[in-house]
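Q: Below is a structure I'd like to ask you about.
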């Protein structure tokens, strides 16, 4: 085998490996202080108006998307991933609070529930990749799905921490 053919085979195998299976994990995103302020202001308003807190899921992403520099598909996707970072932090904090206050039996059950929820979210948010295979819209819609689903779960666990 000549060197260039061997190199071509290695590149082809690497491409198959990289593109196989589900989507690769997104790089870690962080929310801005503006994102946090936008969400927290919405949550306060929702509480004052006796609205469900879920109306605030997506509020920071929508504000971010209105920025001229975020008007591309990549920018819009980034806005959703930034807000997701906020909801993911809340979700993890509330999960830890619940685990710490549950009996061993209930903590074990919550861990199993959360693992099931994570798998469900992953599968649910793969749908855009199936619908828009190869299109840039798939990543935008999948990021929005992750953000919205995580936000809803974060608020669900937040309510559970407050409930008892």
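Q: Which of 117, 87 has the fewest other C-beta atoms within 10 Å, and how do the rest follow up to the most? Please report the intermediate quantities before stating the final value.
A: Values: 117 16, 87 26.
Ascending Cβ contact count within 10 Å gives the list 117, 87.
Q: Once the cut-off is 17 Å, how many percent of the Cα-Cα pairs in the stretch 29-162 end up in the long-distance tail?
A: Within the stretch 29-162, distances greater than 17 Å cover 62 percent of Cα pairs.
Q: Along the Cα-to-Cβ line of residue 74, 7 Å from the Cα, sits a label point; which residues in the stretch 123-140 have backbone N less than 15 Å from it?
A: 136-137, 139-140
Q: Sort out for me the Cα centre separation of the stretch 111-164 from the stretch 52-90, rounded to whole Å.
A: The two parts, judged by their Cα centres, are 14 Å apart.
Q: With 10 angstrom as the radius, rank 59, 161 by how many other C-beta atoms surround their C-beta, starting from the fewest. Don't skip to the end; give the middle numbers.
A: Details: 59 20, 161 14.
So the ranking, lowest neighbour count to highest, is 161, 59.
A short reminder: the numbers here are calculations on the coordinates, not readings from a lab. No experiment lies behind these values; they were computed from the predicted model shown. Neighbour counts are summed over all protein chains in view; Cβ atoms, including those assigned to glycine, are modelled from backbone coordinates with ideal geometry.
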